[in-house]
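Colleague: Please read through the structure below; I'll follow up with questions.
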Amino acid sequence: MEFQFGIPSKVKFGNGVVTQIAEVLQELSVKKVLCIYDQGVKQAGIIDKVLQFLKDGNIEVVEFSNVLPNPPDTILEEGANLAKENNVDALVAVGGGSSIDAAKAINILITNPGPINQYDGINTVKIATKPLIAIPTTAGTGSEVTSVTVITDTVRKKKMVIGGNNCGATVALVDPELTVGLPPAITAATGMDALTHAIESYVSKFASIPTEINSLKAIELISSNLEEAVKNGSNIEARTNMLLGSMLAAFAFESALLGVVHAIAHPLSVYCGLPHGVANACGLPYVMAFNAKDPNVQRRNKDIARAMGINVEGLSDAEASAKAVEAVKQLSEKVEIPTLSEVGVSRDQFDTLAIATLNEEVSIMANPIEVTKEDILDILEAAYVGSEISQNA
Ligand SMILES: NC(=O)c1ccc[n+]([C@@H]2O[C@H](COP(=O)([O-])OP(=O)(O)OC[C@H]3O[C@@H](n4cnc5c(N)ncnc54)[C@H](O)[C@@H]3O)[C@@H](O)[C@H]2O)c1
Ligand SMILES: [Zn+2]
């Protein structure tokens with residue numbers, strides 16, 4: 001047996017941990033920070049609270065509020081310049097994956113020369129970065145604990161995955177209360193992203209015992225709490241389980257990587273503007289069914305079915321696998337994830353999307369079976385109409 005496992009960040013998890021922000025910074029001898037966020041998180045009232053905790057702890061703050069979804073490379077220099085001009089000691093990212101990823105990339109550009117595009121890949125960032133505190137406000141990406149930042153290269157039309165050394169957050173303050181006001185549609189999409197992380201890492205070629213344990217627990221937590229979190233956002237237990245699940249899924253995919261669902265989702269965001277979670281949710285059941293051609297994946301899907309609370313006693317691997325796929329599709333429908341046609345993707349774009357998918361080397365490489373352009377076109381068509389799933393069970 002041989003594996004690598006780890007995460008770059010120290011984690012503090014629990015209701016109210018965000019109140020410890022100044023204390024955490026003081027322990028790192030930080031006096032001045034750049035606080036990075038987007039307008040949605042500001043409007044949710046979260047930023048004003050964090051700024052107050054920082055002020056109460058005598059931490060000086062410079063703000064960068066221009067984060068955009070699927071963060072484009074074009075916004076980063078401004079943030080890095082602001083940090084350099086103001087001589088900040090550290091960064092604080094508050095928000096979903098977009099804010100945390102933008103902060104990670106800005107952090108790279110404070111100490112390493114630009115442009116960011118030259119660092120596309122793993123372990124490409126050579127010079128140490130500043131301390132970064134990540135405070136997630138969505139239960140989805142797990143970016144608070146991963147060593148990767150996903151940035152849209154606006155020229156090459158590609159989501160770059162920049163990761164490894166010097167790219168992660170130093171401390172993750174993971175506070176379920178911050179996710180209570182997340183609107184239902186964003187709760188659904190980000191939650192399906194977390195479920196995709198858990199499922200893709202579980203069937204990945206690079207799965208190992210520590211990643212598998214985290215994947216299965218994440219599948220259990222997310223599948224049993226997502227619907228409640230969407231329908232009754234103030235249920236703090238459901239919110240806690242979702243945030244825990246999304247973080248555990250990230251513990252897993254940090255080492256096991258992802259698969260074809262993410263390989264398709266990235267071009268769907270770049271070419272069609274889909275939110276990351278919606279793009280994943282649209283493809284997930286169809287990629288699961290496609291991967292289940294492989295008997296090993298059928299066995300893995302049987303474990304997934306069990307983790308989702310499905311009784312698989314007496315079922316063959318293929319039958320149990322079909323049940324897991326169907327359960328994922330039903331969950332997606334219950335939380336009202338739209339089909340690709342409903343979000344305005346056009347069939348004319350399929351060819352471009354399929355070619356771009358094959359260029360997502362890292363995710364393609366980790367997928368349990370080989371995938372061709374024809375396979376991707378079939379998956380896109382199924383996700384376009386939301387078709388029934390046929391699997392040899
Ligand atoms: N680095 C990683 O490990 C990793 C992993 C997966 C995905 N990602 C990336 O993360 C990005 C997606 O992040 P995301 O899905 O969290 O979405 P996001 O950060 O884009 O946020 C989605 C929307 O929700 C709003 N929002 C966030 N928290 C809120 C709250 N508590 N209340 C009200 N509104 C709130 C935001 O303002 C935004 O409008 C993508 O670019 C994706 O590629 C990164
Ligand atoms: Zn994702």
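The numbers here are math on the coordinates, done by the rules we state, and not lab data. Being a predicted model, the structure only gives us computed values, none of them experimental. We place every Cβ from the backbone using ideal geometry, glycine too, and count neighbours over all the protein chains shown.
Colleague: Would you mind calculating the relative contact order of the chain from Cα pairs under 8 angstrom and at least 6 residues apart, reporting the percent as a whole number?
Modeller: Relative contact order of the chain: 15 percent.
Colleague: Here's another thing I want to ask about it. Taking springs between alpha-carbon atoms closer than 10 angstrom, which of Val335, Val312, Val161 fluctuates most in the Gaussian network model of the chain?
Modeller: Val312
Colleague: With the dipole of region 170-281 worked out from charges on the C-beta (+1 for Lys and Arg, -1 for Asp and Glu) around the Cα centre, which of Phe253, Val270, Ser234 lies farthest toward the positive end?
Modeller: Val270
Colleague: Right, next: Structure shown: which of Lys104/Lys231; Lys104/Lys157; Lys84/Lys159; Lys217/Lys334; Lys55/Lys104 lie over 29 Å apart, alpha-carbon to alpha-carbon?
Modeller: Violating the 29 Å Cα-Cα cut-off are Lys104/Lys231.
Colleague: Going by a ≥ b ≥ c, the root eigenvalues of the Cα gyration tensor, does region 6-90 fall in the rounded group (a/c under 1.5), the prolate group (a/b larger than b/c) or the oblate group?
Modeller: Taking the square roots of the gyration eigenvalues as a ≥ b ≥ c, region 6-90 is rounded.
Colleague: What shape does region 85-152 have by the C-alpha gyration tensor, where a ≥ b ≥ c are the square roots of the eigenvalues, rounded means a/c under 1.5, and otherwise prolate means a/b greater than b/c and oblate the rest?
Modeller: It is oblate, given that a/c is not under 1.5 and a/b is not larger than b/c.
Colleague: Ranked highest first by the average count of other Cβ atoms within 10 Å around their residues, in what order do 143-149, 73-79 fall?
Modeller: 143-149, 73-79
Colleague: Another question, if that's okay. Helix 184-203: angle to the longest alpha-carbon principal axis of the chain, degrees 0 to 90, nearest 10?
Modeller: For helix 184-203, the angle is close to 70 degrees.
Colleague: What is the set of long-range amide H partners of Val174 at a cut-off below 5 Å, with H atoms built 1.01 Å from backbone N?
Modeller: The answer is Lys12, Phe13, Gly14.
Colleague: Would you work out the relative contact order for region 70-151, in percent, from Cα pairs under 8 angstrom that are 6 or more residues apart?
Modeller: Relative contact order comes out at 41 percent.
Colleague: With a ≥ b ≥ c the root eigenvalues of the C-alpha gyration tensor of region 194-281, is it rounded (a/c under 1.5), prolate (a/b larger than b/c) or oblate?
Modeller: oblate
Colleague: In addition: Mind checking which aspartates and glutamates have their C-alpha under 16 Å from Lys302, skipping anything on the same chain fewer than 8 residues away?
Modeller: Glu200, Glu212, Glu220, Asp294, Glu313, Asp317, Glu319, Glu326
Colleague: If you don't mind, another one. Relative to the longest principal axis of the chain, what angle (0 to 90°, nearest 10) does the C-alpha long axis of helix 76-85 take?
Modeller: Value to nearest ten degrees: 20.
Colleague: Pairs of alpha-carbon atoms within less than 8 angstrom and 6+ residues apart define the contacts here; what relative contact order does region 319-393 have, in percent?
Modeller: Normalised by residue count, the contact order of region 319-393 is 49 percent.
Colleague: Quick one: among Ala279, Ala194, Ala83, which has the greatest mean-square fluctuation in a GNM of the chain with alpha-carbon springs under 10 angstrom?
Modeller: Greatest mean-square fluctuation among the candidates belongs to Ala83.
Colleague: Now for a separate question. Using +1 on the beta carbon of Lys and Arg, -1 on that of Asp and Glu, and nothing else charged, what's the dipole of region 172-315 about the Cα centre, debye to 20?
Modeller: Here the size comes out at about 400 debye.
Colleague: Given the -39500 (n - 2.57) contribution per DSSP H run of 4+ residues, what per-residue ellipticity at 222 nm results for the chain, rounded to the nearest 500 deg cm²/dmol?
Modeller: The per-residue figure over the chain is -16000 deg cm²/dmol.
Colleague: Quick one: work out the % antiparallel among DSSP beta bridges in the chain, nearest 5.
Modeller: 20
Colleague: Measure nothing but the geometry: give the 0 to 90° angle between the long axis through the Cα atoms of 260-272 and the longest principal axis through the Cα atoms of the chain, rounded to 10°.
Modeller: So the inclination is approximately 60 degrees.
Colleague: Same structure again: Evaluate the charge dipole of the chain about its Cα centre and quote only its size in Debye, nearest 20, assuming +1 on the Cβ of each Lys and Arg and -1 on the Cβ of each Asp and Glu.
Modeller: That gives the chain a dipole magnitude of about 600 debye.
Colleague: Identify which of Ala185, Ala263, Ala289 has the largest mean-square fluctuation in a Gaussian network model of the chain, with springs joining Cα atoms closer than 10 Å.
Modeller: Ala185
Colleague: Shifting gears a bit: So how do 91-101, 170-180 stack up, highest first, on mean other-Cβ count within 10 Å?
Modeller: 91-101, 170-180
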